[in-house]
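Inspection log for the structure reproduced underneath, given as structure tokens.
The values are calculated or read from the model by the stated rules, or taken from the named source; none is laboratory data. Values in this document were obtained by computation on a predicted structure and should not be read as measured data. Positions of Cβ are generated from backbone atoms using ideal geometry, with glycine treated the same way; all protein chains shown enter the neighbour counts. We work out accessible area using only protein heavy atoms, side chains counted, and drop any ligands, DNA or RNA first. Shrake-Rupley method; radii C 1.70, N 1.55, O 1.52, S 1.80 Å.
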Protein chains: 2
Amino acid sequence: MTMPVPLPAVTSVTRQLSRRSVFEALLHRSPISRADLAKVTGLSKQTMSEVIDAFGQQGLVRQVGRTSGNVGRTAVLYELSPEGGHVLGIDLGARRLTVALADIAGRVLAEADEPTDSRGGAWALDQIARLSDRLARDNHTHPSRIRSIVLATPGVVNPKSGAIEMAPNITGLGHLNVVGLLSEKLGNPVIIENDINLALLGEIWHGCAQNVANVAFLALGSGVGLGLYANGQLVRGENGAAGEIGYLPLGGDPLQAESRLQGCLEYQVGATGVLRRYREAGGSEVDSVIQVFERAQVGDPIASQVLDETARLTGLAAAAVIAMVDPQLIVLGGSVGARPDFADQVARVLLQLSPRPVEIRTSTLGRRAGVVGALSVALSRLHDAFFGVSELAAALPLPPPAHRTARQ
Amino acid sequence: MTMPVPLPAVTSVTRQLSRRSVFEALLHRSPISRADLAKVTGLSKQTMSEVIDAFGQQGLVRQVGRTSGNVGRTAVLYELSPEGGHVLGIDLGARRLTVALADIAGRVLAEADEPTDSRGGAWALDQIARLSDRLARDNHTHPSRIRSIVLATPGVVNPKSGAIEMAPNITGLGHLNVVGLLSEKLGNPVIIENDINLALLGEIWHGCAQNVANVAFLALGSGVGLGLYANGQLVRGENGAAGEIGYLPLGGDPLQAESRLQGCLEYQVGATGVLRRYREAGGSEVDSVIQVFERAQVGDPIASQVLDETARLTGLAAAAVIAMVDPQLIVLGGSVGARPDFADQVARVLLQLSPRPVEIRTSTLGRRAGVVGALSVALSRLHDAFFGVSELAAALPLPPPAHRTARQ
DNA sequence: TATTTATTCGGTCTATTGACGAATTAAACT
DNA sequence: AGTTTAATTCGTCAATAGACCGAATAAATA
């Protein structure tokens, strides 16, 4: 039942392209008959039968009944089989660890979460392995059949090495070779990506930013960060540090020591910044931004003013994003940013700032955004492993300025 | 001699891919023999002979002698023939019009420029047609054999419609259907792109930003603007307005009327802004930023202070760029930005601002950057028209969240 | 003579086309 | 009403064309 699916022993580029388009059609139109697949893909019925036979032998597709009621012979309907492969998405937050399992067709099979092991570091990695294993076994999937794993983590993830570079607020994570350790523990290669970037991809896949080619995800919670999606691609930056808008020179003197250290904007609108401003303005004793919101709601003028300023600065950051990358949509997320009342305030600020205001939405996936985004990347990578044509897809590079003229 | 080259009557995907890789090898390694081409591309000698024969019949390649001095039979050497096609790059500046001609191999054949017709609008378009025609004929190329034309223009170019949307400082250009009119006048489809974006691509192709995947081009001249290149792609934004950093909320009150109208940063560091600040600080009579630089050089403290402030604000803008998109390199361009003394000042400001300072260079192509970038885009488009595989290259889209379950 | 280049020939893989049998519904006829 | 016939659709078989490679062979040269 759980025979490992062999990687397709593909011979020619042509057949790989055929397989790819059949797979894509199955992904978006199943259940579907071979005849309809042939029409949709433009391939011949003959080729279609060959490809579907091969898919069946690899466990990629399965029959799901027949057509009926139409004139003519009935057709066998096919869909992608869960046997084809599974993917795992993991969101390692400072407070909460979430894991989700999906099959090759993108059907989310299960999701589980726990408080993150507060000892951090290696303990958290062990916890990930335990939770992932449990999730796989509960869904009758042997862990070894999970073919693609993506981990969402706070901090700056170097896109080349996969190292976590800026110390995240999970103890001792920066000093571990997370990719290596987790890959070993889980028995499969693991990809790491910044949690905000993955939350953005989550909203694009299953959330409030579907079918949009240019989006920004502005996360405001304990810290502030940005995810950028331009031309249908994630913008990571040279060192994976794109979107570190805590360092935007807004809301204070950027040359000040605190600004240089933790970032000028972060110093004002990060959770500790908000609490500090509330305290300095004479507010009563609180220890979370949520409590400041509660105070404001019961009429505390200091709390209101502190939050107004927070919204104003967030609006300035959004205006900077609009000026720089011209998104079609800005999604507000994070424990503070996703609050509708706060988002409304930011939108009002933006209306006064920007020559062409951009649509603002709040995250619809909330805390699940990261894990959903991790699933989407894991799924994309699985698809590419089976049906990728990346070596063909590269754009034709232009010739360098100096031409070799040597004869040989 | 000037038989129009027919578009390749390609049959199969496989052959198109072979043609593509042979073309790419010719682009980067000519002159080269068929045997070497076979080694480089991994294709068989047999296939190579077929492809080269086809290229020869289409006028895409030509022989350029034989090898000699080696043991064994001599080999015929081939290179791309200029007969294969020509491209035109045009930079329509407010002051100066530049046109350049290149062949399919990217060899720049000629370049010409004139002061832009000050009457603007339709007159400028006529001037473009005249200059382009002259350039083509002077190089023994019939204008109809130019297969790809790209125009660099100030203003926001809508990436979908090609319309020029923000009124540029060329009279009456915003109200014309520039794509339609120019395409008709030149007898070939014309692509329009923002001049700063093209200057950036120029520096990437032939200038100071070669082989860099993440670059920003910060242009400071009469206005201020930014070109963004991330993941090896130009970032245009949803409306082509990415990089309109004149609207960054830096250097003043962003709610002020002037800031909202022409942009907060632009109001300070644009040419009129610099001159206004110099005037308001009690500076003597000047009518160009260059003159302010000259005053500063001869010891005018007001001029120095105004320029310091300009560099400081430019540095803040650069810091914002770094925080948001994490480039590997920032290129400073424009009549003000490209000045080495100014760039040094900006770099010094940045050193105090940014946690990880980014390399700063000044434009090496200067005024030619725009036209070179236009050539590079025109060339890319020509190559794609012949050898593009964009329909194959698209990433496999993920399935939508809701699955159809209807039987048919 | 040894080596390298280029061509020819045969074999394999893949996709398409057209013909055909199988399965089903709709229509027509006794 | 029950049966036969026609129409339609699905899927397979066989033939053919395009494209690739490898081996053998001819040609040219240090």
Study note, to complete from the structure: Highest GNM mean-square fluctuation among B:N214, B:N70, B:N239, for chain B with Cα springs under 10 Å, belongs to B:N70
Practice item. Give me the angle, in degrees from 0 to 90, between the Cα long axis of helix A:301-325 and the longest principal axis of the Cα atoms of chain A, rounded to the nearest 10. Key: 50 degrees
Study note, to complete from the structure: Output for the range A:213-321 (equivalent-ellipsoid semi-axes, sqrt of 5λ from the C-alpha gyration tensor, Å, descending) is 28, 16, 11
Point to revise | Copies compared at B:A257 - label distances in nm, ascending, label defined 7 Å from Cα in the Cβ direction | key: 4.4
Study note, to complete from the structure: Residue-normalised value, i.e. accessible area per residue, for the range B:13-83 at 1.4 Å probe, in Å², stands at 48 Å²
Review point. Among residues other than B:L92 whose Cβ falls under 15 Å from its Cβ, what is the net charge (Lys/Arg +1, Asp/Glu -1)?
Key: -1
Review point. Tell me, what is the percent relative contact order of the range A:13-83, built from C-alpha pairs under 8 Å that lie six or more residues apart?
Key: 34 percent
Exercise for review: Output ³J(HN,Hα) for the range B:90-101: one whole-Hz value per residue in order, computed from phi by the Karplus curve 6.51 cos²θ - 1.76 cosθ + 1.60 with θ = phi - 60°, and x for Gly and Pro.
Suggested key: 10, 10, 9, x, 5, 9, 9, 10, 10, 9, 9, 10
Review point. Size of the dipole of chain A about the Cα centre, Lys and Arg at +1 and Asp and Glu at -1 on the beta carbon, nothing else charged, in debye to 20?
Key: 1500 debye
Review point. At a 1.4 Å probe radius, carbon and sulfur cover how many percent of the accessible area of the range B:250-408?
Key: 52 percent
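Average partner chain C-beta neighbours within 10 Å, per residue of B:325-332?
Mean partner shielding for this stretch: 4.
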Revision key, fill the gap. Per-residue accessible area, 1.4 Å probe, largest first, puts A:I245, B:I290 in the order B:I290, A:I245
Study note, to complete from the structure: The B/A contact buries a total accessible area, at probe radius 1.4 Å and rounded to the nearest 100 Å², of 7100 Å²
Revision key, fill the gap. Between the Cα axis of helix B:121-138 and the main Cα principal axis of chain B, the angle (0 to 90°, nearest 10) is 40 degrees
Check your understanding: Over what distance in Å are the Cα centres of the range A:168-227 and the range A:326-351 separated?
Key -> 20 Å
Revision key, fill the gap. Rounded to the nearest 10 Å², the 1.4 Å probe accessible area of B:K45 is 150 Å²
Point to revise | Surrounding net charge for A:E244, when Lys and Arg each add one and Asp and Glu each subtract one, Cβ distance under 15 Å | key: -3
Check your understanding: Given springs between every Cα pair under 10 Å in a Gaussian network model of chain B, which of B:A281, B:A395, B:A230 has the largest fluctuation?
Key -> B:A395
Practice item. Place the label 7 angstrom along Cα→C-beta at A:R348 and in each other copy, then list the distances from the first to the rest in nm, shortest first. Key: 4.4
Practice item. Would you mind calculating the relative contact order of chain A from Cα pairs under 8 angstrom and at least 6 residues apart, reporting the percent as a whole number? Key: 15 percent
**Study point:** Karplus 3J(HN,Hα) series, Hz, for the range A:358-368 with 6.51 cos²θ - 1.76 cosθ + 1.60 (x for Gly, Pro)
**Key:** 10, 4, 10, 10, 9, 3, 8, 8, x, 5, 7
**Study point:** Distant-in-sequence amide H partners of B:L109 (H built 1.01 Å from N, under 5 Å)
**Key:** B:L101, B:A102, B:D103
Study note, to complete from the structure: Under the 7 Å Cα-to-Cβ spin-label approximation, B:Q291 and B:Q210 lie apart by a distance in nanometres of 4.1 nm
Check your understanding: Taking the alpha-carbon set of the protein assembly as shown, what are its Rg and Dmax in Å?
Key -> 29.1, 93
Practice item. State, to one decimal in nm and shortest first, how far the label point of B:E184 sits from each corresponding label point in the other identical copies (label point: 7 angstrom along Cα-to-Cβ). Key: 7.1
Study note, to complete from the structure: Residues meeting the amide H criterion for B:V190 (H placed from the backbone, H to H distance under 5 Å, 5 or more places apart or on another chain) are B:S183
Practice item. Report A:R62's accessible area, 1.4 Å probe, all protein chains in place, as a number in Å² to the nearest 10. Key: 100 Å²
Check your understanding: Over the heavy atoms of B:K185, what accessible area does a 1.4 Å probe trace out, to the nearest 10 Å²?
Key -> 90 Å²
Check your understanding: Could you give the dipole magnitude of the range A:211-363 about its Cα centre, charging the beta-carbon of Lys and Arg +1 and that of Asp and Glu -1, in debye to the nearest 20?
Key -> 240 debye
Exercise for review: Quantify, in whole percent, the carbon and sulfur part of the accessible surface of the range B:13-83 (1.4 Å probe; protein heavy atoms only).
Suggested key: 47 percent
**Study point:** Other-chain or far-sequence residues with amide H under 5 Å of B:V156's (modelled H)
**Key:** B:E165, B:M166
Exercise for review: Under a 10 Å cutoff between Cα atoms, tell me which one of A:M48, A:M166, A:M324 has the largest fluctuation in the Gaussian network model of chain A.
Suggested key: A:M324
Check your understanding: What is the Cα radius of gyration of the range A:13-83 over 2.2 N^0.38 Å, N being its residue count?
Key -> 1.04
**Study point:** Rounded D (µm²/s) - chain A, Kirkwood Rh over Cα pairs, Stokes-Einstein at 10 °C, 1.306 mPa s
**Key:** 67 µm²/s
Revision key, fill the gap. Given Cβ charges of +1 for Lys and Arg and -1 for Asp and Glu, the option among B:L365, B:A318, B:G59 whose Cα lies farthest towards the positive end of the dipole of chain B is B:G59
Practice item. Quick one: angle between helix B:271-280 and the longest Cα principal axis of chain B, in degrees between 0 and 90, rounded to 10, please. Key: 10 degrees
**Study point:** Calculated on alpha-carbon atoms, Rg and Dmax of the range A:9-133 in Å
**Key:** 19.9, 66
**Study point:** Phi to ³J(HN,Hα) by Karplus 6.51 cos²θ - 1.76 cosθ + 1.60 over the range A:176-193, Hz, x for Gly, Pro
**Key:** 9, 7, 4, 4, x, 4, 5, 4, 5, 4, 8, x, 8, x, 10, 9, 10, 8
**Study point:** Inter-part distance where the range B:8-58 and the range B:363-377 are each reduced to a Cα centre, Å
**Key:** 30 Å
Review point. Cα extents of the range A:254-370 along the three principal axes, largest first, in whole Å?
Key: 40, 35, 31
